[in-house]
1. Pairs please, first residue from the range 71-88 and free of Cβ contacts under 8 Å to residues at least 40 places away in the same chain and under 17 Å from Ser102 (Cβ atoms), second anywhere and small (Gly, Ala, Ser) and not in a loop (DSSP other than H, G, I, E, B), Cβ atoms under 6 Å, 6+ apart in sequence or on different chains.
2. Looking only at the range 73-97, count how many residues are small (Gly, Ala, Ser) and surrounded by 15 or more Cβ atoms within 10 Å (Cβ to Cβ).
3. For the range 108-145, which residues satisfy the criterion of being of a type in the set (Asp, Glu), at pLDDT 95 or above and not in a helix (DSSP H, G or I)?
4. If I ask for residues that are under 16 Å from Lys60 (Cβ atoms) and in a strand (DSSP E or B), which ones from the range 27-44 would you list?
5. Restricting the search to the range 109-130, which residues are within 24 Å of Val71 (Cβ to Cβ) and crowded, with 16+ Cβ neighbours inside 10 Å?
6. Under 6 Å by Cβ, and 6 or more places apart or on different chains, what pairs join a residue from the range 100-119 that is over 12 Å from Ser20 (Cβ atoms) with one that is of a type in the set (Lys, Arg) and surrounded by 14 or more Cβ atoms within 10 Å (Cβ to Cβ)?
7. Do the conditions hold for Ile73, that is, is it at pLDDT 95 or above, β-branched (Val, Ile, Thr), within 22 Å of Asn134 (Cβ to Cβ) and not in a strand (DSSP E or B)?
8. (1) in a strand (DSSP E or B); (2) surrounded by fewer than 18 Cβ atoms within 10 Å (Cβ to Cβ); (3) out of contact with any helix residue (DSSP H, G or I) (no Cβ under 9 Å at 6 or more places or on another chain): which one isn't true of Tyr48, the others all being true?
Amino acid sequence: MKCKVLLKFFGSKKIASVESVTLTLRGMRGSTVYEIVNDTEQLELRFYREFYSNGESVLKLENSTVVDTCVFIEFMNTCGVIRWDGFHGKHPRNVKDGIMFSFTAIVNTGQTIRADGSENFPKGYREFVRGLNNMLEKTNAKETNE
């Protein structure tokens, strides 16, 4: 699927296609995973929580929604995800706790974007996570109203 991607803000550094995205958040109370799976015409956003069963880590699917591919690509470009590649946010001094993240995306037919950090995030990260949560909440609200 071809999406019209605006070059106004990003010049040639932009995302034009998405194959997969995985964002893992780890904190004191456990881990969560956001996963984008490409189903050619549309994307599926999945949200998992990690729990332990019989001494093994297990991911439990808690929510999912279908997302328009072009809308998601525009969202990733708005958050500046292409610029996250190579980001490594070291844990700030004197911070005793926090959230660690690991991000991997395959975009533009094979380009890999990798980023990670500990209580130190790339520009646009918080907006990205907030947007993912909003997409999932809209699905919950829609299901509640039906």
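1. Pairs found: Phe87/Ala115.
2. The qualifying residues number 2.
3. Across the range 108-145, the qualifying residue is only Asp116.
4. Across the range 27-44, the qualifying residues are Gly30, Ser31, Thr32, Val33, Tyr34, Glu35.
5. Selection gives Ile113, Ala115, Phe121, Pro122, Gly124, Tyr125, Phe128, Val129.
6. Taking only residues 6 or more apart or on different chains, the pairs are Met100/Arg26.
7. Here the answer is yes, as Ile73 does meet what is asked.
8. (2)
The values are calculated or read from the model by the stated rules, or taken from the named source; none is laboratory data. Computed from a predicted structure; not experimentally measured. Glycine also receives a Cβ, built like all others from the backbone with ideal geometry; neighbour counts cover every protein chain displayed.
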